[in-house]
Amino acid sequence: MHSQSSAVGGDSHIRPARPEDLGPLEDLEHEAFSGDKMSRRSLRRFLTRSTSMFLVGVREGRVVGAILAIERRGVRDARIYSVAVFSPHRGEGWGRRLVREAEAVAFARGARRMRLEIRRDNEASRGLFRGLGYHIVSPLPAYYEGGIDGDRWERELTVENGREENR
Ligand SMILES: CC(C)(COP(=O)(O)OP(=O)(O)OC[C@H]1O[C@@H](n2cnc3c(N)ncnc32)[C@H](O)[C@@H]1OP(=O)(O)O)[C@@H](O)C(=O)NCCC(=O)NCCS
């Protein structure tokens, strides 16, 4: 998988994450999340798990963002476990592109629904997913560290998530 971007310009693309991305992925976890961070060990495990769809956005050779989705075989579902963009690159369309690319990969692997949980106070993430056609399916009271509420969101994946349609 390798797609060149015109939307974000320059030498930019999204590709599968690799073991050598571990350093930047760990930095991204620390920059983007206050609680519920993934450890280096779990990042490493997710990099090699066959059910992982772990993608990075790269600009001029540097990782600028990442998404991890997990395939749930048998139920035709996939779940976005994490999506994050380094703060200097937020608002450039990377979040949207990473989600769309993960949806395309999940669709190609047979998933017909994408789900995720979002903190109720995470306006950027709520805005991102609402704009991409996701809707709330259930509230998750006190789901996060410190008793913070969240919601479960989802979106049906259709043929429009096929890769050709996704450029
Ligand atoms: C959420 C996050 C991944 C968004 O990434 P991004 O690259 O900045 O998002 P994009 O540039 O693709 O923006 C896409 C849309 O998201 C919404 N959005 C992005 N940032 C927003 C903000 N601060 N407030 C409200 N809506 C926002 C907008 O609808 C935007 O569309 P627009 O630019 O046409 O208005 C990024 O803010 C981030 O890394 N946050 C910290 C980690 C995190 O909270 N991850 C989500 C966990 S569920």
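A few remarks follow.
- Report summary: the helix-based calculation at 222 nm, which adds -39500 (n - 2.57) for every DSSP H run with n ≥ 4 and divides by the residues of the chain, gives -8000 deg cm²/dmol.
- Site pair Thr51 and Arg18 shows an inter-label distance of 2.7 nm when each label is modelled 7 Å from Cα along Cα→Cβ.
- Of the beta bridges in the chain, as assigned by DSSP with both residues counted there, near 90 percent are antiparallel.
- On the beta carbon distance between Glu145 and Asn122, with R0 = 22 Å, the FRET formula returns roughly 0.95.
- Annotation: amide H of Tyr81 within the under-5 Å range of Leu68, Ala69, Ile70, sequence separation 5 or more or interchain, hydrogens built in the peptide plane.
- With a simple spin-label model that places each label point 7 Å from the Cα along the Cα-to-Cβ direction, the separation between Ala108 and Ser138 comes to 3.2 nm.
- Annotation: amide H of Phe86 within the under-5 Å range of Gly65, sequence separation 5 or more or interchain, hydrogens built in the peptide plane.
- 3J(HN,Hα) along the stretch 46-58, derived from phi through the Karplus expression 6.51 cos²θ - 1.76 cosθ + 1.60 where θ = phi - 60°, amounts to 5, 5, 10, 6, 5, 8, 7, 10, 10, 10, 10, x, 10 Hz, with x in place of Gly and Pro.
Just so you know, all these numbers are worked out from the coordinates, no wet-lab data involved. Keep in mind it's a predicted model, so treat the numbers as computed, not measured. Quick reminder, even Gly has a Cβ in these numbers, built from the backbone with ideal geometry, and neighbours come from all protein chains shown.
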